[in-house]
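Colleague: Quick one: structure below, then a few questions.
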Amino acid sequence: MNIRGYQWSVLKKLLKQRFSELSDEDLVFERGKERELYMRLGRKTGRSQEDVARIIKGMQQAYLQQSTLL
């Protein structure tokens, strides 16, 4: 999945709303290290990497759809 920096600021807010146990440190994103992000979020939320990736992708798609409607 390709996460853009400007999207990440919105996505991480949405993730913190959905998963209150996530901290700012958990949500640090570095381009090219998506797998590490999914592993870290998976450990913290008790979900698999695939689930985390699917959740983020769904949020990203919703964000992009909303952006095109504005």
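Colleague: Take the range 28-70 and flag every residue that is polar (S, T, N, Q) and either in contact with a strand residue (DSSP E or B) (Cβ under 9 Å, 6 or more places away or on another chain) or part of a helix (DSSP H, G or I) (or both).
Modeller: Just the residues of the range 28-70 that are polar (S, T, N, Q), to begin with: 45, 48-49, 60-61, 65-68.
Hits for the range 28-70 are Thr45, Gln49, Gln60, Gln61, Gln65, Gln66, Ser67, Thr68.
Colleague: Restricted to the range 24-50, and to residues that are closer than 12 Å to Ile3 by Cβ and in contact with a Gly (Cβ under 9 Å, 6 or more places away or on another chain), which residue is surrounded by the fewest Cβ atoms within 10 Å (Cβ to Cβ)?
Modeller: Once the filter is applied, the top-ranked residue is Arg31.
Colleague: Identify all residues within the range 41-58 that are within 12 Å of Phe19 (Cβ to Cβ) and in contact (Cβ under 8 Å) with a residue 12 or more places away in the chain; write none if there are none.
Modeller: Listed by number, the residues that qualify are Leu41, Lys44, Thr45, Val52, Ile55, Ile56.
Colleague: Please enumerate the residues belonging to the range 7-23 that are open to solvent by 20 Å² or more (accessible area, probe 1.4 Å), without any contact (Cβ under 8 Å) to a residue 24 or more places away in the chain and closer than 28 Å to Thr68 by Cα.
Modeller: Listed by number, the residues that qualify are Ser9, Lys12, Lys13, Lys16, Gln17.
Colleague: Okay, moving on. Determine, yes or no, whether Ala53 is of a type outside the set (D, E, K, R) and open to solvent by 50 Å² or more (accessible area, probe 1.4 Å). Lay out the reasoning, then the answer.
Modeller: On the way: of a type outside the set (D, E, K, R): yes; open to solvent by 50 Å² or more (accessible area, probe 1.4 Å): no.
Against the criterion (of a type outside the set (D, E, K, R) and open to solvent by 50 Å² or more (accessible area, probe 1.4 Å)), Ala53 does not qualify.
The values are calculated or read from the model by the stated rules, or taken from the named source; none is laboratory data. Treat the numbers as computed from the prediction; the structure is a model and nothing was measured. Note that each Cβ is placed from the backbone with ideal geometry, even for glycine, and that neighbours are counted across all protein chains shown. In case anyone asks, the SASA skips ligands and DNA or RNA and just uses the protein heavy atoms, side chains included. Shrake-Rupley method; radii C 1.70, N 1.55, O 1.52, S 1.80 Å.
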